[in-house]
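**Student:** My questions will all concern the structure given below.
Laboratory data are not the source of any read-out in this text; all were calculated from the coordinates shown. Because the structure is predicted, anything quoted here is derived from the model rather than measured. Quick reminder, even Gly has a Cβ in these numbers, built from the backbone with ideal geometry, and neighbours come from all protein chains shown.
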């Protein structure tokens, strides 16, 4: 007889609450339900990550690039948030949970594989909705600090992916296929590691 696999997904705040997004960037009202449905279907518990942008600059902030968030003050803020997240993650780790992180690719903060870039922006970045910022491979500032906190405590950063809702060319169907592949890989990994 095998023990049931325990799974928890630490999910970017704005994927569970699109109201946290900067003005004009929400793609749905409230929760991104295709993500939640797939997590439930695959048997994942869900933990919502904090939104460092909203807690740092509030709900009426402008959109910014990674370069604008990459400051000592914002990194300190992200590090403080990361401590409580990893405190919680360690409770799951201690009970042999399979833990993953799902970020928001294209975000200057929550991007896992893709972040934003616009080094010449200053003040209000006009034209961001119509393609003002570019995307480049790499993590956002918040994800970097979260990864650093895991590693400083001796834990590898969990398997992670991002949903590219912050990319101008976001393709919902392609994103869901990619997510299914990520979750299926987790199913295979945990099945192999199930204990007798």
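**Student:** Give me 110, 60, 65 ranked fewest to most by other Cβ atoms within 10 Å of their Cβ, as a rough exposure proxy.
**Tutor:** Placing the least packed residue first, the sequence is 60, 65, 110.
**Student:** Given a Förster distance of 35 angstrom, what is the FRET efficiency for residue 6 paired with residue 31, based on the Cβ-Cβ distance and rounded to 0.05?
**Tutor:** 0.95
**Student:** Continuing with this model, one more query. What ranking of 169, 105 emerges when the number of other C-beta atoms within 10 Å of each C-beta is taken as an exposure proxy, fewest first?
**Tutor:** Least to most surrounded, the residues fall as 169, 105.
**Student:** Something else: Using 7 Å Cα-to-Cβ label points, what is the residue 40/residue 168 separation (nm, one decimal)?
**Tutor:** Inter-label distance under the simple model: 3.6 nm.
**Student:** How do 53, 152 line up, fewest other C-beta atoms within 10 Å first?
**Tutor:** Listing 53, 152 from fewest to most nearby Cβ atoms yields 152, 53.
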